[in-house]
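The values are calculated or read from the model by the stated rules, or taken from the named source; none is laboratory data. Since we're looking at a predicted model, the values are computed, not measured. Don't worry about glycine lacking a Cβ; one is built from the backbone with ideal geometry, like all the others, and counts go over all protein chains shown.
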Amino acid sequence: MVIRSSILVVLFSALSILSFSVSASPVNVNKASSEEISSALSGIGPAKAMAISEHCKKITCSKPDDLLAVKGIGEKTLAKISADLRFKDKK
């Protein structure tokens with residue numbers, strides 16, 4: 001019984017840590033560095049963040065669909081991150 005309780009505490013702690021580490025925040029992909037993009041968008045690692053950054057610097061993205069041209073960004077990924085995408089700074 002004690003072992004079972006300990007396992008539950010460990011699992012709960014791990015899930016709590018994961019929920020904080022994968023939280024996303026809005027990011028202006030036209031101005032952000034690849035590191036900022038990677039840390040702000042859930043499920044986007046360094047390689048995809050670099051590709052997004054380079055793409056948006058080339059064409060100045062204005063809508064989420066612009067990111068579909070980035071290798072590794074498909075409809076599912078875009079649906080996951082679109083709420084946190086920004087294309088210009090708030091005034």
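Among (1) touching a His at 6+ places or on another chain (Cβ under 6 Å); (2) in contact (Cβ under 8 Å) with a residue 40 or more places away in the chain, which single condition is residue 70 missing?
The one condition residue 70 does not meet is (2).
From the list 19, 38, 23, 42, pick out the single residue that is part of a helix (DSSP H, G or I), modelled with pLDDT under 95 and of a type in the set (Ser, Thr, Tyr).
Checking each option against the conditions leaves just 19.
Take region 75-91 and flag every residue that is surrounded by fewer than 14 Cβ atoms within 10 Å (Cβ to Cβ) and either in contact with a strand residue (DSSP E or B) (Cβ under 8 Å, 6 or more places away or on another chain) or assigned to a helix (DSSP H, G or I) (or both).
Hits for region 75-91 are 75, 76, 79, 82, 83, 88, 89.
Within region 58-65, is even one residue touching a residue at least 24 places away in the same chain (Cβ under 8 Å), exposed (fewer than 12 other Cβ atoms within 10 Å of the Cβ), in a loop (DSSP other than H, G, I, E, B) and small (Gly, Ala, Ser)?
Looking through region 58-65, at least one residue is touching a residue at least 24 places away in the same chain (Cβ under 8 Å), exposed (fewer than 12 other Cβ atoms within 10 Å of the Cβ), in a loop (DSSP other than H, G, I, E, B) and small (Gly, Ala, Ser).
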